Amino acid sequence: MTLDAPSGVDKVVSVRGALAGEPLHFMQTAAGVWHAIGGIPVDEEGSLVANAILQRASGKTEITRIRFTLPKIPPPVAQPLEVDSAFTRPLDSATLARIAGENARAREVGRRAHERAPMWTASFLKPRNSVITSEFGSGRLFNGQLTTRHLGVDFRGAIGEPVRAANRGVIALVDNFFLAGNVVYIDHGGGVVTSYFHLSKTLVAVGETVKRGQVIGLVGNTGRVTGPHLHWAARYGTNTVNPLDLLSISSSWYSAAIPR
C-alpha cells in the first residue's frame, strides 16, 4: 500500500493502518511517500479494504480507505503422492491437541512480530538455491485422497545441506513439531515472520539475532514427510502468505525508507 503525502505546510508526520485484521507498518521516503506491506489471507476472495489514518503536523487527522480487488486464484493443483497408509489414517486426540498447540505457538510468533520495527534493510533471499519441488497453494493427494493444501514452498535438498536465513531478524521459536519436525521461526519485525521446517539440525537459539544469509540449520526429514527437503513458509502477523512474494520487495525500497 502506497500513500503519496508530499511535504508541505501541514505535512504528514505519521501514518497507521490495518488490512485483513493486521496492523500496517508505514515507512516514509524522503519524497514524502509512505509505504506499507500487508498480508492477504490465502482463501480470501472478492476484495479487501485497507484503512490508513494520517496524522498531520497541525494535529489534524485524516482517514483514507483503499479497496483492493483480489485476483481470482485457480483451485489448487493436486500433487499425487504414494505414501504409507499412516499419512492418511486419522490422528488420535492427543496428537490433534499437540498440533493445535503448536499452531497456536506459531500464530503467537506472528502476532508478536508487530511489536518490533522492521529489522531488514536489504531484499529477502531464498533460503536455498536448489530446485523448488512444491509450490505454495498446491494440493496434496495422498494415495488418491486430497488431504491438505501446501502453505509453503519446498526446496530440494539432501540431509545435512545448509539452510539460510531469508533476512535479518530475531529467532523467535526453535522446537520439534509433530508435522513440521525441527523448526526455526525468524521474527523480521514489521509483522513479517519466516519459518523453516523438517530440519535435521538447528544451529540457532531463541533470542539470537541472525544476519541475512546466515546458516540457521540443515536440511532434514524430521516430522511428517516422505523424504528430505526444506519447507519454507511465511506469515504477515497471523496470516499465512507465499514466502516467494517477499523476494519482490526491493532492497532500495527499504534502504531509502524511515520506519515510523
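Please treat every number below as a calculation from the coordinates, not as lab data. Bear in mind the structure is a predicted one, so any value in this text is a computation, not a measurement. Methodologically, a virtual Cβ is constructed for each residue, glycine included, from the backbone with ideal geometry; neighbour enumeration extends over all protein chains shown.
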Within the stretch 213-250, the residues whose backbone N lies under 14 Å from a label point placed 7 Å from the Cα of ARG105 along the Cα-to-Cβ direction are 223
Under the 7 Å Cα-to-Cβ spin-label approximation, ARG16 and ALA31 lie apart by a distance in nanometres of 2.8
Cross-link reach from LYS72 to aspartates and glutamates, straight Cα distance under 12 Å and at least 8 residues apart if same chain, gives ASP43, GLU44, GLU45
Taking every other residue with Cβ under 9 Å from the Cβ of TRP232 and scoring Lys and Arg +1, Asp and Glu -1, one gets +1
The exposure ranking of SER130, SER58, fewest beta-carbon neighbours within 10 Å first, is SER58, SER130
Between THR69 and SER250, the two model label points (7 Å from Cα along the beta-carbon direction) sit apart by a distance in nm of 2.6
Of 100-110, 159-169, 60-70, ordering from highest average Cβ density within 10 Å down gives 159-169, 100-110, 60-70
Most exposed first, judged by fewest Cβ atoms within 10 angstrom, HIS25, HIS35 run HIS35, HIS25
Quick calc: nm separation of the 7 Å Cα→Cβ label points for ASP92 and ASP43 -> 2.9
Looking only at lysines whose Cα falls under 18 Å of LYS60's and that sit 8 or more positions away or on another chain, we get LYS11
Non-local residues with an amide H under 5 Å from the amide H of ASN182, with H modelled 1.01 Å from N and Pro and chain starts lacking one, are PHE177, HIS198, LEU199, THR222, GLY223
